[in-house]
1. May I ask you to say which residue of 68, 86 is closer than 26 Å to residue 132 by Cβ, surrounded by 13 or more Cβ atoms within 10 Å (Cβ to Cβ) and without any contact (Cβ under 8 Å) to a residue 60 or more places away in the chain?
2. Of the residues that sit in region 9-30 and are part of a helix (DSSP H, G or I) and closer than 19 Å to residue 79 by Cα, which one is modelled with the highest pLDDT?
3. Would a scan of region 100-118 turn up a residue that is at pLDDT 95 or above, surrounded by 13 or more Cβ atoms within 10 Å (Cβ to Cβ) and closer than 20 Å to residue 158 by Cα?
4. Taking residue 75 as the residue in question, decide whether it is under 20 Å from residue 126 (Cα atoms) and touching a residue at least 40 places away in the same chain (Cβ under 8 Å).
5. Specify which of the listed residues (61, 80, 35, 30) is touching a strand residue (DSSP E or B) at 6+ places or on another chain (Cβ under 8 Å) and exposed (fewer than 13 other Cβ atoms within 10 Å of the Cβ).
6. Of the numbered conditions (1) touching a strand residue (DSSP E or B) at 6+ places or on another chain (Cβ under 6 Å); (2) surrounded by 18 or more Cβ atoms within 10 Å (Cβ to Cβ); (3) part of a helix (DSSP H, G or I), residue 139 fails exactly one; give the number of that condition.
7. Going through region 114-136 one residue at a time, which ones are outside any helix (DSSP H, G or I) and either free of Cβ contacts under 8 Å to residues at least 24 places away in the same chain or within 16 Å of residue 89 (Cβ to Cβ) (or both)?
């Protein structure tokens, strides 16, 4: 059974209904027993994305707060001492920053756009998570640019908006 690394563009679909939400929710369902990995960076990125969605869609503040609270509760339930943490968090460290900076250099000429800094941090966190696993780690993102670069780095990549694509 594969494990999944979610970048923020994909994970936000668990908390805010948009294209790909049903697939993300099915993978994140505890009955699926799939280990779910996140970079700690997702804590800030997902909350920011939920607030932006609320503002863009004129959602009631209490609804936005409910989405944010659910996500934060899942983070609290991600304590590695728990028998079944919701997420396995990859801490952002100076090593990750250094490796992400190197990836930005490697993909500076990527077309149509170079690798962005936060995406590089997400990608390195996924690469580090993959090195500790014996099973496959699927990289899940809804970012077209990150999809291409993650594939170049050897990941099987899933975009929740198009889950049937290989």
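1. Of the residues listed, the single one that is closer than 26 Å to residue 132 by Cβ, surrounded by 13 or more Cβ atoms within 10 Å (Cβ to Cβ) and without any contact (Cβ under 8 Å) to a residue 60 or more places away in the chain is 86.
2. Looking at residues that are part of a helix (DSSP H, G or I) and closer than 19 Å to residue 79 by Cα, I get 11.
3. yes
4. So residue 75 does not fit the description; no.
5. Checking each option against the conditions leaves just 80.
6. Among (1) touching a strand residue (DSSP E or B) at 6+ places or on another chain (Cβ under 6 Å); (2) surrounded by 18 or more Cβ atoms within 10 Å (Cβ to Cβ); (3) part of a helix (DSSP H, G or I), the lone unmet condition for residue 139 is (3).
7. Passing the criteria: 114, 132, 133, 134.
The values are calculated or read from the model by the stated rules, or taken from the named source; none is laboratory data. The structure displayed is predicted, hence computed values, not measured ones. Glycine gets a Cβ as well: all are built from the backbone with ideal geometry, and neighbour counts include every protein chain shown.
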